[in-house]
1. Any chance you could count how many residues in segment 31-43 are at pLDDT 95 or above and surrounded by fewer than 10 Cβ atoms within 10 Å (Cβ to Cβ)?
Amino acid sequence: MSQSSNNDHSASSAAKRAESVFCQKDLWYFRTREGKEIGPFRYQSEAQSNLDRFLADLKAKLQLEIPAE
């Protein structure tokens with residue numbers, strides 16, 4: 001993958017994560033791909049860090065499930 005397309009992928013992934021965090025009645029949530037709302041959190045940064053942790057946990061689980069070739 002070229003550096004340019006790699007940066008494009010990173011930028012689009014970051015944008016999708018940012019769109020997943022939203023505010024409702026002064027509380028912050030994030031939405032999974034399946035549409036599940038996780039929260040509430042008092043601060044946007046708290047919702048974002050929990051989303052980042054959620055994604056890291058999923059990535060770790062996937063790496064455990066996929067055997068190395």
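The values are calculated or read from the model by the stated rules, or taken from the named source; none is laboratory data. Quick caveat, the model's predicted, so the values are computed rather than measured. Backbone-built Cβ (ideal geometry, glycine too); neighbour counts: all protein chains shown.
1. 1
A quick yes/no check of all residues on (1) modelled with pLDDT under 95; (2) within 9 Å of the chain's Cα centre (by Cα):
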site	(1), (2)
Ala18	yes, yes
Val21	no, yes
Tyr29	no, no
Ser45	no, no
Asp52	no, yes
Lys61	yes, no
Pro67	yes, no
